[in-house]
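Okay, so here's the structure we're looking at.
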Amino acid sequence: MHFLTPDYFRTLVPAWFRRQRLLVSASGAAEIVVGVLVLVPRTRAAGSLSAAVLVTCYLVSHVDAVRRARPDRPRLLERPVGAVARLVVNVLYIVWAVAVARSGP
């Protein structure tokens, strides 16, 4: 989706980051590589750890979203409850990815 709707993903990048276009493209490419690694049984553990690292990098964006959240925003994910929920879900993704990495051969 990073390549199909890049404008949306650029809105998720904190404003103080430079080169948002490059960051969105690079993270999209990284997600594809990580996805392939997770799909192949022999590389699943490495792919899962890579996914945990990638999602950990995304926490910067989610913490920034919590910082900028306001109760009067029209979109739920831009309000405090939605921004915190996004952050919690991503922490759970990291835990899940690490668990998958440790679970198999």
Just how large is the dipole of the chain about the Cα centre, in debye to the nearest 20, putting +1 at every Lys and Arg Cβ and -1 at every Asp and Glu Cβ?
160
Farthest toward positive dipole pole in region 6-105 [+1 Lys/Arg, -1 Asp/Glu at C-beta], among 91, 11, 51
11
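Accessible area per residue of the chain at 1.4 Å probe, in Å²?
On the way: 7190 Å² over 105 residues.
Per residue, the chain has 68 Å² of solvent-accessible surface.
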Which distance in nm do the two modelled labels at residue 15 and residue 66 give, with both placed 7 Å along the Cα-to-Cβ direction?
2.1
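Provide the gained length on full extension for the span residue 43 to residue 88, in nm with one decimal, where the gain is 0.36 nm per separating residue minus the Cα-Cα distance.
Numbers: separation 45, 0.36 × 45 = 16.20 nm, distance 2.70 nm.
Extra length available between residue 43 and residue 88 comes to 13.5 nm.
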Sort 70, 86, 21 by heavy-atom solvent-accessible area, probe 1.4 angstrom, most to least.
21, 70, 86
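Pop out the Kirkwood hydrodynamic radius of the chain from its pairwise C-alpha distances, inverse of mean 1/r, in Å to one decimal.
14.7
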When only DSSP loop residues count, what chymotrypsin sites (Phe, Trp or Tyr not before Pro) in region 14-105 have their Cβ near at most 11 other Cβ atoms within 10 Å?
16
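Starting from the Cα-Cα distance between residue 95 and residue 26, subtract it from 0.36 nm times their residue separation and give me the gain in nm to one decimal. Intermediate results must be reported in sequence, preceding the final value.
Working: separation 69, 0.36 × 69 = 24.84 nm, distance 2.33 nm.
Length gained between residue 95 and residue 26: 22.5 nm.
The values are calculated or read from the model by the stated rules, or taken from the named source; none is laboratory data. As the structure is a computational prediction, the values presented were derived from the model and not from experiment. For neighbour counting, all protein chains shown are included, and Cβ atoms are generated from backbone atoms with ideal geometry for every residue, glycine included. Ligands, DNA and RNA are stripped out before the accessible areas are found, and what is left, the full protein with its side chains, is counted by its heavy atoms. Shrake-Rupley method; radii C 1.70, N 1.55, O 1.52, S 1.80 Å.
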